[in-house]
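Before any comments, here is the structure.
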Amino acid sequence: MGMKVVKFGGTSLADAEHFRRVAEIVKADPDRHFVVASAPGKRFKEDVKVTDMLYQCYELVREGKDITDYYEKIKERYNTIIADLGLDFDISGELDYIQNAITHRSGQDFAASRGEYLNSLILAKFLGYDFIDAESVVFFRENGAYDNEKTNEVLSAELKKHQNAVIPGFYGVMPNGTIKTFSRGGSDITGSIVARAAEADLYENWTDVSGCLMADPRIVDNPLPIKTITYRELRELSYMGASVLHEDAIFPVRYAGIPINIRNTNDPAAPGTMIVSGTSEYDSKLVITGIAGKRGFSVINIEKDMMNSEIGFGRRVLDVLEDNDISFEHLPSGVDTMSVIVSSASIKGEAKRERILTSINKRVHPDSVVIEDGLALLAVVGRGMVKAKGTAARVFAAISAADINIRMIDQGSSELNIIVGVEEHDLERALNAIYKEFVK
Ligand code: ASP
């Protein structure tokens, strides 16, 4: 007997048909004891997620408008699911209460959270499972940070009282009793928190894709799925823009060493991607695990003769960044040059840029300091690179064969990733060139 916690995303719970699929998946494995649910997502491309509609209700109230007509659409989404499932379940009291509370300014997070709350009530009823309100088991501190210890203590005690239960994702409670949500996509985090508290053997995260892919399918045609990836590799790829899972969802399960399995509700037979804490296994044919890239970086280039022998030079430059509330991404340097890569958004505005340049001039008296924009970074990630010789050479050869100029190179000492900087307009071609080099 094992213990699995399963989380279903919004598209997996968008309508009655998907509810049925979810029930089939949950009931197919008696180990799937606890289910974390999102709010109903999009049923088709132009559809609106219930969470977005709830945010909109909050906005309307803020503008002093009446929400009755707009709220009708939310009522209809839930009532249609209930009717199509043939459930004998009346949630009109709940719906009215929520409408009233939003109208009386119950706050943005309360409004947004009701999407998961109502969906979980319906799913619990449909599965015949208990309902545990996240409000009574997921806690935030006074400063708004998630309270790991308290949550784990209360939640694990609560879970022990239930054989099977549904828990709404995305929100918890503040010390003063008001509702607070995680950031968007936060039901992934709740799933991870529940998996940890249940001491699960596996956290299954069911979505609408068959796991993580080796590259962004909008850029590379039909990329291969990733069978196994480590938490650290996934962090590297997510940071560079690959997204299947909320970034913060990794921490609770990683702490407890619980693997995550990304699965596809629309293709339950596919094994999906396993995210594990560590493995030395890798596909030796491919060497790399995945690639990802992101635009919107700038370089602060600093030159000074004999920089290398000037003790404290780097620190003084970084002090300037710290004073301006800027975190740096990479720090490639030569004998007499130092380049600081930052996100362009963090140095936006003429005044701020002037301030940074002036302060650097004052603090380290360089021969020159300039800011260059329009940099894209791409990450080639793979635990296999530690053992395979010549991976970096293959990456660079592929990029230069595509006639793309490399503006920066940075390889982490863990040899888990190689970061390459190219012009923004070259990013897509560079990613394709690397993909083709490794996946023939
Ligand atoms: N429903 C929330 C959102 O749209 C949370 C989630 O789906 O994970 O962001």
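What follows is calculated from the coordinates using simple rules that are stated; it is not laboratory data. Keep in mind it's a predicted model, so treat the numbers as computed, not measured. Note that each Cβ is placed from the backbone with ideal geometry, even for glycine, and that neighbours are counted across all protein chains shown.
Placing +1 on each Lys and Arg Cβ and -1 on each Asp and Glu Cβ, with no other charges, gives the chain a dipole about its Cα centre of roughly 700 debye. DSSP finds beta bridges in the chain, and of those with both partners inside it, around 60 percent are antiparallel.
For segment 1-158, the square roots a ≥ b ≥ c of the C-alpha gyration tensor eigenvalues yield an a/c of 1.5 or more together with a/b not exceeding b/c, which makes the shape oblate.
Tell me whether segment 131-170 comes out rounded, prolate or oblate; compute the Cα gyration tensor, take square roots of the eigenvalues as a ≥ b ≥ c, and use a/c under 1.5 as the rounded threshold. Oblate, since a/c reaches 1.5 and b/c is not below a/b. Pairs of Cα atoms nearer than 8 Å and 6+ residues apart set the relative contact order; for segment 312-440 it is 21 percent.
Compute the signed sum of charges (Lys and Arg +1, Asp and Glu -1) over the other residues within less than 10 Å, Cβ to Cβ, of Arg407.
Charge balance near Arg407 sits at -3.
Taking the C-alpha atoms only, the angle from helix 313-323 to the longest principal axis of the chain is near 40 degrees.
Hey, any idea what the orientation-averaged projected area of the convex hull of segment 231-281's Cα atoms comes to, in nm²? Could the numbers behind the result be given before it?
Working: hull surface 16.5 nm².
One quarter of the hull surface, i.e. the mean projection, equals 4.1 nm².
Applying 0.36 nm per residue to the separation of Val439 and Glu72 and subtracting their alpha-carbon distance, the gain on full extension is 127.1 nm. Distances between placed amide hydrogens fall under 5 Å for Asn264 paired with Thr207, all partners being 5 or more residues away or on another chain.
Per residue of the chain, what 222 nm ellipticity follows from adding -39500 (n - 2.57) for every DSSP H run with n ≥ 4, rounded to the nearest 500?
Numbers: 13 runs with 164 residues, N = 440.
The per-residue figure over the chain is -11500 deg cm²/dmol.
Ordered from longest to shortest, the equivalent ellipsoid semi-axes for segment 57-99 are 25, 10, 6 Å, each the square root of 5 times a Cα gyration tensor eigenvalue. Using a Förster distance of 41 angstrom, determine the FRET efficiency expected from the C-beta separation of Ala393 and Thr80, and round it to 0.05. Efficiency at R0 = 41 Å is approximately 0.10. Specify whether the C-alpha gyration tensor of segment 401-440 places it in the rounded, prolate or oblate class, a ≥ b ≥ c being the square roots of the eigenvalues: rounded for a/c under 1.5, otherwise prolate if a/b is larger than b/c and oblate if not. Cα axes put segment 401-440 in the oblate bin. A DSSP coil position with no more than 15 other Cβ atoms inside 10 Å describes the following chymotrypsin sites (Phe, Trp or Tyr not before Pro) in segment 1-84: Phe44.
Computed over segment 322-363, the Cα gyration tensor eigenvalues convert (square root of 5λ each) into semi-axes of 18, 14, 8 Å, ordered from largest to smallest.
Take the Cβ atoms of Ala101 and Asp130, set R0 to 30 Å, and the FRET efficiency comes out at 0.80.
Give me the mean projected area, in nm² to one decimal, of the convex hull enclosing the Cα positions of the chain.
24.5
The value of relative contact order for segment 1-72, using C-alpha pairs under 8 Å at least six residues apart, is 31 percent. Using θ = phi - 60° in the Karplus curve 6.51 cos²θ - 1.76 cosθ + 1.60, the 3J(HN,Hα) couplings for segment 409-417 round to 9, 8, 10, x, 5, 6, 6, 8, 8 Hz; x is entered for Gly and Pro. Considering segment 280-386, its Cα convex hull presents a mean projected area of 8.4 nm².
Where does the charge balance sit around Thr273 when Lys and Arg score +1, Asp and Glu -1, over other residues with C-beta under 9 Å from its C-beta?
Around Thr273, the charge tally is +2.
Spin-label pair Ala28-Arg141: with each label point 7 Å from Cα along the Cα-Cβ axis, the two points sit 4.2 nm from one another.
One chain, two ends: Ser280 and Glu354. Fully extended at 0.36 nm per residue, the span grows by 21.8 nm beyond their Cα-Cα distance. Relative to the current alpha-carbon distance between Arg184 and Arg62, full extension at 0.36 nm per residue lengthens the span by 41.9 nm. Taken along the Cα-to-beta-carbon direction at a fixed 7 Å, the label points for Leu224 and Glu310 span 4.8 nm. Note on Lys75: lysines with a C-alpha under 16 Å away, same-chain residues under 8 apart excluded, are Lys42, Lys49.
Within segment 119-269, antiparallel bridges make up roughly 40 percent of the DSSP beta bridges whose residues both belong there.
Only Lys, Arg, Asp and Glu carry charge here, each on its Cβ (+1 for the first two, -1 for the last two); on that basis segment 193-326 has a dipole of about 220 debye about its Cα centre. By how many degrees, between 0 and 90 and to the nearest 10, does the Cα long axis of helix 68-85 differ from the longest principal axis of the chain? Approximately 70 degrees, to the nearest ten. Against the chain, whose longest principal axis comes from its Cα atoms, helix 391-401 is set at around 80 degrees. Summarising the label geometry, the points placed 7 Å from Cα in the beta-carbon direction at Phe89 and Met174 lie 3.0 nm from one another. The mean sequence distance of close C-alpha pairs (under 8 Å, at least 6 residues apart), as a share of the length of segment 130-247, puts its relative contact order at 21 percent.
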